[in-house]
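Note sheet for the following structure.
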Amino acid sequence: MKKMLNIKLSLLTALIVFSSCEKIIDQQPQTSLSAETAYTTRQGIEAGLLGCYNALQSTSYYGLEFWALSDMYAGVITHTGTFPTYAQFNNKQLLPDNTNVTNMWNAIYGGINRVNTIIASADKLNDPAFNKMQTVGEARFLRALMHFDLLRAFGGSATGFNKADGRGIPVRVTPTLSPEDASAIALTPEADVWKLIDGDLDYAIANLSATTSGRATVNAAKALKARAALYKEDWATAETLSTEVINALKGTGTGLASDFGALWATQNTKPESIFELQYDINNTNSIAFYYFPTGLGGRNEIGSSTTLNAQSATDLRKATNVKVLSGSNKTGKYSRINGTDNVIIIRLAELYLNRAEARAKKAAPDLTGALSDLNVIRARAGLAASTAATAADILKQVYEDRYYEFAHEGHAFFDYKRTNRLASTFTGFSGANAFRAIYPTPQREIINSAGQITQVAGY
């Protein structure tokens, strides 16, 4: 009996141990959850939406390279370091296997997938406490921004956008939840990409609030659509939306910060800062680290180009655009070596210059209005009011002020491209090199597309 009892106890122990091991093996991962698990509640979707904003913060995106390397391509920023892939931008000699170009592409499409997952999950959730339209509005604003950024870098043509020979991009509007979902797709025609961008922004405009700090707002959506309208040469829309945003934010004055440098020194300066990407000590970037000299704790990879030295000494923006550190030209826009500099993506000054350009460009130019908008920007910069009398002269001054106003913010290359001034300004984009106005599609994407995508001709 005792022997039989010992056998039964041994079997029982074995069953308990086996059952416990089976439970341990069958655990769900706690640091990586599927969309079906994570996004079934209001709290899960709201947390996931924050992850969509986090996608913008990637070093390959607004965390540094998307805007800094485009400014390098336009001669605003110069390469002072050792990265050979940065040197390709500096020399206007991009190659299809450039790792920064590939990482940029991947970071933005990764963000689009996050957004698509949130949109699809939000649509399925029925919770009275869940503000579905606000959440989807923010997500669709971000999707519009991401597709817009991909199109202006990897699409369009050498002479601008919305042209007959314009190149599109692959558009993804559904989540990638399985290997089959990730299958390669062909380029969507440029005109259809613009329709998607406008559709997403129209939804955002209809559903976003005006006061969500650090997040997408109705004014941010209108401002982004006004910017996109300039790229399409839709002057009426650019003027109308710019006016709506200016009127909503200017108060009794212009709405601009009285001190240009304060926009970056103090951060989140309202009402001028419309959409500002937030960083803090627990969520940092390497922007100042890439600028700062090694003696001040940086890696000295990028700096202000000598072209900015040509800025008038009386221009109050110059001290911020070109800040000398240890004998090197850097910038005052990014000064926190601990990585807590914010990145301003949209600000009110842009709307004045957008409206000035649209007013000078439309079929029946409003030269008085265009000049008034331009001089709002020049007054803040401490410059004499422009007295340009023709549309051509006003536009020339608008483009010059855009160059200095948005130095180190990633506008210059895209401004040159959309206004067909690349070839006439830089030999690196003229003649046989005109194709370089469009970034190469990453070589890996060409290979994996199984013939659905061909490389930009010339690379």
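The values are calculated or read from the model by the stated rules, or taken from the named source; none is laboratory data. This structure is a prediction, so every number in the text was calculated from the model and none was measured. Because the Cβ atoms are built from the backbone with ideal geometry, glycine has one as well, and the counts that use them run over all protein chains shown.
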Failed item, numbered, when Asp127 is tested on (1) more than 24 Å from Lys232 (Cβ to Cβ); (2) touching a strand residue (DSSP E or B) at 6+ places or on another chain (Cβ under 9 Å); (3) surrounded by fewer than 20 Cβ atoms within 10 Å (Cβ to Cβ): (2)
Single residue of region 49-65 satisfying the filter (touching a Ser or Thr at 6+ places or on another chain (Cβ under 7 Å) and in a helix (DSSP H, G or I)) that is farthest from Phe89 (Cα to Cα): Leu49
Residue among Leu256, Leu241, Leu308, Leu263 that is part of a helix (DSSP H, G or I), under 20 Å from His408 (Cα atoms) and either touching a helix residue (DSSP H, G or I) at 6+ places or on another chain (Cβ under 6 Å) or without any contact (Cβ under 8 Å) to a residue 24 or more places away in the chain (or both): Leu308
Subset of region 430-458 [crowded, with 16+ Cβ neighbours inside 10 Å, modelled with pLDDT of 95 or more, part of a loop (DSSP other than H, G, I, E, B) and of a type outside the set (A, V, I, L, M)]: Tyr439, Pro440, Thr441, Pro442
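Could we say that Asp71 is in contact with a strand residue (DSSP E or B) (Cβ under 7 Å, 6 or more places away or on another chain) and either within 16 Å of Pro440 (Cβ to Cβ) or surrounded by 20 or more Cβ atoms within 10 Å (Cβ to Cβ) (or both) here? Step through it out loud before you land on a result.
On the way: in contact with a strand residue (DSSP E or B) (Cβ under 7 Å, 6 or more places away or on another chain): yes; either within 16 Å of Pro440 (Cβ to Cβ) or surrounded by 20 or more Cβ atoms within 10 Å (Cβ to Cβ) (or both): yes.
Judged against the criteria, Asp71 is a match.
Output the number of residues of region 135-171 satisfying the condition of being in a loop (DSSP other than H, G, I, E, B) and at pLDDT 95 or above.
The first filter runs over region 135-171 and keeps only residues in a loop (DSSP other than H, G, I, E, B), leaving 155, 158-159, 161-166, 168, 170-171.
Checking the rest, the ones that are also at pLDDT 95 or above come to 155, 158-159, 161-163, 166, 168, 170-171.
Total satisfying the criteria: 10.
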Condition check for Thr176: surrounded by fewer than 19 Cβ atoms within 10 Å (Cβ to Cβ) and in contact with a helix residue (DSSP H, G or I) (Cβ under 7 Å, 6 or more places away or on another chain): yes
Selection count, region 430-444, where residues are touching a residue at least 12 places away in the same chain (Cβ under 8 Å) and touching a helix residue (DSSP H, G or I) at 6+ places or on another chain (Cβ under 7 Å): 9
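Restricted to region 404-429, and to residues that are more than 18 Å from the chain's Cα centre (by Cα) and in contact (Cβ under 8 Å) with a residue 24 or more places away in the chain, which residue is surrounded by the most Cβ atoms within 10 Å (Cβ to Cβ)?
This residue is Leu422.
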Residue list for region 268-283, restricted to those being buried (at least 18 other Cβ atoms within 10 Å of the Cβ), in contact (Cβ under 8 Å) with a residue 60 or more places away in the chain and assigned to a loop (DSSP other than H, G, I, E, B): Pro271, Glu272, Tyr279
